[in-house]
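Visitor: Structure below; questions to follow.
The values are calculated or read from the model by the stated rules, or taken from the named source; none is laboratory data. Just so it is clear, the model here is predicted, and its values are computed rather than measured. Please note: Cβ atoms are built from the backbone with ideal geometry, for glycine as well, and neighbour counts cover all protein chains shown. Note: accessible area is taken over every heavy atom of the protein model, side chains too, but ligands, DNA and RNA are not part of it. Shrake-Rupley method; radii C 1.70, N 1.55, O 1.52, S 1.80 Å.
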Amino acid sequence: MSERTSQGRLPQRTYSWRIAPRHALAASALCWAGFAFVAWAVATGRSGPIDDAGLLFWRRGTELVPAGPTWLLEAVRDLTSLGGVLLRNLVLVGVLAALLFLRLRREAVLLAGTVAGGWIVNSLVKAAVGRPRPLIVPHLTEAGGQSFPSGHSFNSAVVYIAIALAFAAMSPRRSVRWTLIVTAVILSLAIAFTRVWLGVHFPSDVAAGWLGGAGWAFLASALLHRPAKAVAEKAETTLDALTPAGDTSPDRPSA
């Protein structure tokens, strides 16, 4: 049978691991330093030769179509859709529901706050820079809005790395935690790469987008952890109503 608190509520699960704030801040600082360098290169025009070469590198013929079979192009389109608004948000909603069902309320609130904040940061930077999309190669998928930084790259890094950090809290094994985080990094990098392949972003757009998104995910992990815990505790009654009263395993003390 599940144990309940004196108020009749099921206790929130807590886990012993979270990324150390100093490690998260160090990772964030490295990412934002890289972002600043790429932004400087774009602002001063130094990224132009690399951007052009990156877009043209694997394109062939007078129509500048990517080299390779048709199925490869379709696979790239499928992969890029994982960073699109619809699928990315469907994944996010499913993960938030899973965290609430697992009674990982702090992690759910932190994930939601991280993603919302990342969307705001990306939108503000896009509006401030106002870089148009590349026109030197055909666009092989629909894309609108400004080009720098890549929204697919930024938001994919935020969502998938933040999800990995949330679920890593469940495992006491370092190898499992690292596998989750490295997988999220590789997936978000692959999504970023597809934007150049499809011709809708310069390489500097996706580099800055991924660095900024990863930087924000780690920064939020360090700075929003305590506020997320406070919000989860204040919203305990509401979150109880959103999740079923199932069995819970004994809590372990947090570090």
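Visitor: Quick test of your reading of the structure: residue 164 fulfils all but one of (1) among the hydrophobic types (A, V, I, L, M, F, W, C); (2) within 21 Å of residue 51 (Cα to Cα); (3) open to solvent by less than 40 Å² (accessible area, probe 1.4 Å); (4) touching a Leu at 6+ places or on another chain (Cβ under 7 Å). Name the failing condition by number.
Guide: (2)
Visitor: Mind checking which pairs have a first residue in region 107-127 that is assigned to a helix (DSSP H, G or I) and a second that is among the small types (Gly, Ala, Ser) and open to solvent by 20 Å² or more (accessible area, probe 1.4 Å), Cβ under 7 Å, 6 or more apart or different chains?
Guide: From region 107-127, the pairs are 126/145.
Visitor: If you don't mind, there's one more thing I want to ask. Can you find a residue that is under 22 Å from residue 220 (Cα atoms) and buried (at least 17 other Cβ atoms within 10 Å of the Cβ) anywhere in region 125-141?
Guide: There is at least one residue in region 125-141 that is under 22 Å from residue 220 (Cα atoms) and buried (at least 17 other Cβ atoms within 10 Å of the Cβ).
Visitor: Quick check on residue 45: is it part of a loop (DSSP other than H, G, I, E, B) and open to solvent by less than 80 Å² (accessible area, probe 1.4 Å)? Give the steps one after another, and end with the answer.
Guide: Details: part of a loop (DSSP other than H, G, I, E, B): yes; open to solvent by less than 80 Å² (accessible area, probe 1.4 Å): yes.
Here the answer is yes, as residue 45 does meet what is asked.
Visitor: When you check residue 157 against the structure, is it of a type in the set (Gly, Ala, Ser), open to solvent by less than 10 Å² (accessible area, probe 1.4 Å) and either touching an Asp or Glu at 6+ places or on another chain (Cβ under 7 Å) or touching a residue at least 60 places away in the same chain (Cβ under 8 Å) (or both), yes or no? Quick ask: steps written out before the conclusion?
Guide: Numbers: of a type in the set (Gly, Ala, Ser): yes; open to solvent by less than 10 Å² (accessible area, probe 1.4 Å): yes; either touching an Asp or Glu at 6+ places or on another chain (Cβ under 7 Å) or touching a residue at least 60 places away in the same chain (Cβ under 8 Å) (or both): yes.
Spelling it out, residue 157 is indeed of a type in the set (Gly, Ala, Ser), open to solvent by less than 10 Å² (accessible area, probe 1.4 Å) and either touching an Asp or Glu at 6+ places or on another chain (Cβ under 7 Å) or touching a residue at least 60 places away in the same chain (Cβ under 8 Å) (or both).
Visitor: Related question: Name the pairs: first residue in region 215-236 and open to solvent by 40 Å² or more (accessible area, probe 1.4 Å), second residue not in a helix (DSSP H, G or I), Cβ to Cβ under 8 Å, at least 6 apart or on different chains?
Guide: 236/9; 236/12
Visitor: Let me confirm something: among 96, 86, which residue is surrounded by fewer than 17 Cβ atoms within 10 Å (Cβ to Cβ), free of Cβ contacts under 8 Å to residues at least 40 places away in the same chain and not basic (Lys, Arg)? Talk me through it step by step, then tell me what you get.
Guide: Details: 96 fails: surrounded by fewer than 17 Cβ atoms within 10 Å (Cβ to Cβ).
After ruling out the rest, the residue left standing is 86.
Visitor: Residues to consider are 171, 156, 175; find the one that is hydroxyl-bearing (Ser, Thr, Tyr) and at pLDDT 95 or above. Steps first, please.
Guide: Values: 171 fails: at pLDDT 95 or above; 175 fails: at pLDDT 95 or above.
So the residue among 171, 156, 175 that is hydroxyl-bearing (Ser, Thr, Tyr) and at pLDDT 95 or above is 156.
Visitor: So residue 101 passes all but one of these: (1) farther than 30 Å from residue 226 by Cβ; (2) open to solvent by 50 Å² or more (accessible area, probe 1.4 Å); (3) in contact with a Ser or Thr (Cβ under 7 Å, 6 or more places away or on another chain). Which condition number does it fail?
Guide: (1)
Visitor: Working carefully through the options 166, 245, find the one that is of a type in the set (Gly, Ala, Ser) and modelled with pLDDT of 75 or more.
Guide: On the way: 245 fails: modelled with pLDDT of 75 or more.
Answer to the check: 166.
Visitor: Between a first residue in region 50-76 that is open to solvent by less than 80 Å² (accessible area, probe 1.4 Å) and a second residue that is of a type in the set (D, E, K, R), which pairs have beta carbons less than 8 Å apart while being 6 or more apart in sequence or on different chains?
Guide: 65/59; 66/59; 66/60; 67/59; 67/60
Visitor: Between 192, 169, which is open to solvent by less than 20 Å² (accessible area, probe 1.4 Å) and farther than 30 Å from residue 64 by Cβ? Even if it seems obvious, please write down each step before you answer.
Guide: Values: 192 fails: farther than 30 Å from residue 64 by Cβ.
So the residue among 192, 169 that is open to solvent by less than 20 Å² (accessible area, probe 1.4 Å) and farther than 30 Å from residue 64 by Cβ is 169.
Visitor: It is to be established whether one or more residues within region 144-153 are outside any loop (DSSP other than H, G, I, E, B), open to solvent by less than 10 Å² (accessible area, probe 1.4 Å) and farther than 19 Å from residue 64 by Cβ. Talk me through it step by step, then tell me what you get.
Guide: Going residue by residue through region 144-153, those that are outside any loop (DSSP other than H, G, I, E, B) are 151-153.
Of the ones still in play, those that are also open to solvent by less than 10 Å² (accessible area, probe 1.4 Å) are 153.
Filter once more, so that each one left must be farther than 19 Å from residue 64 by Cβ: 153.
Checking region 144-153: at least one residue is outside any loop (DSSP other than H, G, I, E, B), open to solvent by less than 10 Å² (accessible area, probe 1.4 Å) and farther than 19 Å from residue 64 by Cβ.
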